[in-house]
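Novice: The structure is given below, and queries will be raised subsequently.
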Amino acid sequence: MKQDMSSADVAAVVAELSAGPKSIIDAKIGKIYQPGSEEIRINLYVFHHGRDNLVIEAGKRIHLSKHFRASPELPQAFPMLLRKYLSGGRIVSIEQHDFDRVVKIGIERGGVRSTLIVELFARGNVLIVDSENKIILPMNPVTLKDRRLRSGEIYELPEAQLSPVDAKVSDLMEAFSKSTADVVRTIATRFNLGGVLAEEVCARAGIEKSKSAKEATEEDASLLSFAMQDLFSPLFSGRAACMSKRGQGPGDESENGVEAEVGLETVVGPGTFETETVETENIETKTDYEVEPGAEIEPEFEIEHEAGIESHIKSEVGVESEAPKLKSQHVKKEINGKMETFDVLPFDLIRYSEYEKEYFDSFNTALDEFFGKKELEQVSEVKEAERKEKNLGVFERRLLQQEDSLAKFGKEIEKSNTIAEIVYANYQLIEELFSVLNGARAKGYSWDEIRSILKQAKNAVPAAQKITNIDQKTGTVTVELDGKSVNLDIRKTVPQNAQEYYEKVKKFSKKKEGALKAIEDTRKAMAKKAASKAAKAGRKLQASRKKHWYDRFRWFVSSDGFLVVGGRDVDTNEEIFKKYMEKRDIVFHTQTPGAPLTVVKTGGEAVPESTLFEVAQFAVSYSSLWKAGHFSGDCYWVKSEQVTKTPESGEYVKKGAFIIRGDRNYFNDVPLGIAVGLELKGETRVIGGPVSAVRKHGDYVLELVPGAFNQNDISKKIYRIYADEFGDPRSVKQIASPDLVAMMVPPGESDLKNQKPQRKGKISESEGREYETLGVEEPEEGKEGGEGDFGDEEDFEEDFEEDIDEEIKGKIEKNSREEGEGKIDISGVKKA
């Protein structure tokens with residue numbers, strides 16, 4: 001798969017961008033973006049064509065594009081500086097330097113000339129230089145062995161290579177005489193061709209590519225030179241190329257006469273456009289590209305003379321000339337059972353004659369479809385992978401990482417096992433190699449000397465041919481054996497080297513076992529989570545709530561079915577007293593100030609002792625005792641007819657104050673405790689109150705005790721627990737929003753006794769024992785009061801680590817004597 005552009009590709013692109021319908025000469029530069037670390041995009045307005053985009057990726061490509069990445073939200077420094085110097089300017093020239101992968105784009109803005117230089121070889125770079133060739137700013141500042149690409153430095157071109165379009169027989173013979181490689185490698189590296197085009201030249205010349213360069217004759221060089229001319233002739237055909245004599249007189253001829261025949265000896269470069277006006281004749285070269293290797297080609301010339309007319313090639317003023325007639329194409333082959341493009345070319349190649357091809361109207365379009373579209377697809381794949389990874393849960397992400405590690409361990413095991421077997425299979429060769437190297441070291445030779453000796457002895461010693469690298473720091477050599485790179489320690493024997501790889505096999509085998517166990521544990525955790533999620537999905541909440549008159553008060557339904565309401569403040573206490581308290585009701589209040597007026601709606605029925613205790617717990621829990629951090633308190637109950645707001649003569653009862661007449665029934669040391677739950681049968685709503693009552697009517701119960709979280713925070717915490725439990729925050733919010741939960745939480749600071757809601761039938765005996773029926777003994781006549789055993793209850797100490805069941809003893813004292821009249825205010829303080 002092609003990864004970057006060749007010199008011929010660059011020549012074809014430059015030729016199209018400088019002439020014909022794809023020309024950008026005289027185009028106005030708009031904004032400049034940097035969507036990637038090595039990529040810039042220049043927005044252009046091309047005269048008579050409209051807007052277009054020139055994409056430049058350092059070390060890889062340059063072409064017009066319709067498939068480009070989105071612009072970043074925040075521009076980087078480099079494109080901002082390019083905008084400063086280039087935006088609003090016009091492109092006056094574009095040229096390729098000496099058939100190399102270097103493109104120069106001349107830009108004029110406000111009378112100031114700047115040049116954008118694009119390097120497409122190696123890592124590549126993009127630089128802007130001024131009229132004095134001084135670097136203003138490079139995309140990648142770097143210091144190389146022979147040049148510095150940094151701001152303020154004079155730009156120096158890389159060391160020039162021989163141009164294949166200017167190659168003479170003498171140039172080829174000189175390159176062959178200095179080469180130790182074969183013909184194809186020599187012309188690929190020395191003449192800037194690359195592997196594919198070098199093989200094509202050999203095929204057209206009819207020369208065996210594996211032939212040693214030193215064995216090449218002048219006839220071979222002549223054929224190769226002609227094949228190069230023939231290969232690149234499509235880049236010049238039909239285009240009024242800029243001609244410039246390079247110190248040759250009219251009578252000068254090339255050594256092999258080929259250049260003189262096709263008229264290429266005066267080409268400065270396939271994409272070079274000089275700035276001075278040059279007179280030339282219209283010469284049309286017609287060449288048959290499809291020839292047999294080694295065949296002789298006779299070019300034909302048609303020279304048209306028009307009196308008084310000169311052809312002026314001025315790239316700087318944008319005079320269009322005809323673009324070269326290319327056969328831009330994608331070459332396809334079957335990859336993994338699917339026809340895919342693996343190369344893009346500006347002209348036909350003999351070596352690809354049997355492959356499927358797709359042709360395009362221009363080479364820029366072909367490059368855009370090959371590089372640009374593929375780049376966008378890769379970006380989309382990366383984004384999709386990132387999106388999927390974000391959506392992955394903890395277990396899914398962990399499993400993915402573990403499976404990747406498992407695959408790596410498997411590859412390492414296979415690799416190490418294979419290399420160990422290769423070492424034993426080449427036992428004699430390796431032993432011979434060790435003998436040579438250790439002998440040289442024993443004689444005092446340095447590693448550099450050993451490298452030199454091995455290079456000279458490659459033909460004499462077969463083992464020396466296998467060495468690809470020597471690491472003198474570790475005393476190891478890298479040897480190419482059976483297609484694998486094997487690192488060997490010359491200080492060890494052959495079996496010891498093989499054992500090193502077997503040890504790696506053992507090491508990675510243990511890691512593989514650990515990874516398999518970890519994957520199994522992760523999958524179990526995923527299955528457990530999926531089961532829990534499915535269970536949650538099966539209990540989706542459906543909001544079904546009715547409006548009740550008691551919703552604005554504090555309320556609960558006792559475990560025996562009695563409605564209990566209490567005030568939230570002075571106003572609601574007054575409202576309950578005046579509008580909702582009946583003669584048959586029972587009224588509760590605490591002994592300490594700051595408690596709700598609590599009314600049990602009896603409906604004329606006898607109230608069991610279990611309900612009385614629940615109401616007592618309700619009254620003390622929603623009082624100021626909770627805010628003060630107490631864990632128990634005292635309260636009493638009276639009949640509704642004992643509560644009045646009629647004072648004695650000369651007295652005044654303020655708002656929220658009540659007068660109690662008659663006997664009072666006391667509950668002493670009542671433990672504070674509240675629960676919040678969800679009622680899911682009948683109505684769907686959040687409920688709160690004494691733990692036993694909430695457990696009776698609700699599900700997913702959370703118990704509260706005095707703690708450290710304020711009312712709002714604890715309400716939000718409870719809501720989040722329910723939302724996580726059901727996996728349906730929207731439905732939970734309809735029935736148990738933080739505001740609705742807050743109405744069930746006592747004022748002051750609270751904490752959760754359990755962090756996970758308890759369900760009916762799943763509450764442990766120690767945590768979920770409901771209060772037993774409380775016995776109330778009536779005191780005998782004439783006694784101060786009587787004591788009753790209220791049964792077993794949970795311990796409400798701060799230490800919750802141990803579940804201790806204790807008997808909670810309550811005392812109900814009933815005054816036997818007739819008390820005088822007294823009055824209490826909203827807080828329940830008795831006044832004389």
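The values are calculated or read from the model by the stated rules, or taken from the named source; none is laboratory data. For clarity, every value in this text was computed on a predicted model and none was experimentally measured. When we count neighbours, we look across all protein chains shown, and the Cβ atoms used for this are built from the backbone with ideal geometry, even at glycine. To get the accessible areas, we keep the full protein, side chains included, count just its heavy atoms, and leave off ligands, DNA and RNA. Shrake-Rupley method; radii C 1.70, N 1.55, O 1.52, S 1.80 Å.
Novice: Among LYS60/LYS484; LYS411/LYS466; LYS2/LYS383; LYS60/LYS374; LYS390/LYS510, which pairs are too far apart, with a Cα-Cα distance over 20 Å? Intermediate results must be reported in sequence, preceding the final value.
Specialist: Details: LYS60/LYS484 30 Å; LYS411/LYS466 24 Å; LYS2/LYS383 24 Å; LYS60/LYS374 13 Å; LYS390/LYS510 31 Å.
Exceeds cut-off: LYS60/LYS484; LYS411/LYS466; LYS2/LYS383; LYS390/LYS510.
Novice: Name the shape class, rounded, prolate or oblate, that the alpha-carbon gyration tensor gives for region 15-65, where a ≥ b ≥ c are the square roots of its eigenvalues, rounded holds for a/c under 1.5, and otherwise prolate holds if a/b is larger than b/c and oblate otherwise.
Specialist: Oblate.
Novice: Relative contact order (percent) for region 1-56, with alpha-carbon contacts under 8 angstrom and 6 or more residues of separation?
Specialist: Details: 60 pairs, mean separation 11.7, N = 56.
Computed over region 1-56, the figure is 21 percent.
Novice: For region 86-176, which GluC sites (Glu not before Pro) are in a loop by DSSP, counting at most 15 other Cβ atoms within 10 Å? Mind showing how you got there, number by number?
Specialist: Details: sites: GLU95, GLU108, GLU119, GLU132, GLU153, GLU156, GLU159, GLU174; in loops: GLU132, GLU153, GLU156, GLU159.
Filter output for region 86-176: GLU132, GLU156, GLU159.
Novice: Let me ask another. Of all accessible surface on region 636-756 at a 1.4 Å probe, what whole percent is carbon and sulfur? Could the numbers behind the result be given before it?
Specialist: Values: 2290 of 4820 Å².
So the carbon and sulfur contribution to the accessible surface is 47 percent.
Novice: Rounded to the nearest 10 Å², what accessible area does PHE631 have for a 1.4 Å probe in the complete protein model?
Specialist: We get 50 Å² for PHE631.
Novice: Could you report region 47-171's accessible area per residue, 1.4 Å probe, as an integer in Å²?
Specialist: Values: 5950 Å² over 125 residues.
It amounts to 48 Å² per residue over region 47-171.
Novice: Quick check on packing: order 141-150, 200-209, 728-737, 5-14 by the mean number of other C-beta atoms within 10 Å, highest mean leading.
Specialist: 5-14, 200-209, 728-737, 141-150
Novice: Got a number for carbon plus sulfur as a percent of region 404-522's accessible area, 1.4 Å probe? Working shown, then result.
Specialist: Numbers: 3550 of 7370 Å².
Here carbon and sulfur together make up 48 percent of the probe-accessible area.
Novice: Rounded to the nearest 20 debye, what is the charge dipole size of region 338-446 about its Cα centre when +1 sits on each Lys and Arg Cβ and -1 on each Asp and Glu Cβ? If you can, show how the numbers build up before the last one.
Specialist: Details: 16 positive and 23 negative charges, 147 e Å.
It works out to roughly 700 debye.
Novice: Over region 145-196, with every protein chain in place, what whole percent of the accessible area is carbon and sulfur at 1.4 Å, could you tell me?
Specialist: 49 percent
Novice: Please work out whether region 371-421 counts as rounded, prolate or oblate from its C-alpha gyration tensor, where a ≥ b ≥ c are the square roots of the eigenvalues and a/c under 1.5 means rounded, while otherwise a/b larger than b/c means prolate and anything else oblate? Mind showing how you got there, number by number?
Specialist: On the way: a/c = 8.38, a/b = 1.50, b/c = 5.60.
Here region 371-421 falls in the oblate category.
Novice: If the only charges are +1 at each Lys and Arg Cβ and -1 at each Asp and Glu Cβ, what is the size of the charge dipole of region 8-147 around the Cα centre, to the nearest 20 debye?
Specialist: Working: 20 positive and 16 negative charges, 79 e Å.
Dipole about the Cα centre, nearest 20: 380 debye.
Novice: In terms of the Cα gyration tensor, with a ≥ b ≥ c the square roots of its eigenvalues, is region 69-143 rounded because a/c is under 1.5, prolate because a/b exceeds b/c, or oblate? Numbers along the way, then the final one.
Specialist: Details: a/c = 1.56, a/b = 1.06, b/c = 1.47.
The shape class here is oblate.
Novice: Still on this structure: Dipole magnitude of region 60-101 about its Cα centre, charges +1 at Lys/Arg Cβ and -1 at Asp/Glu Cβ only, in debye to the nearest 20?
Specialist: Details: 8 positive and 4 negative charges, 42 e Å.
Value, rounded to 20: 200 debye.
Novice: Of TYR445, ALA407, THR468, whose Cα points farthest to the positive end of the dipole of region 336-488 (charges on the beta-carbon: +1 Lys, Arg; -1 Asp, Glu; origin at the Cα centre)?
Specialist: Of the listed residues, the answer is TYR445.
Novice: Right, here's the next one. At 1.4 Å probe radius, can you tell me the per residue accessible area of region 599-751 in Å²?
Specialist: 37 Å²
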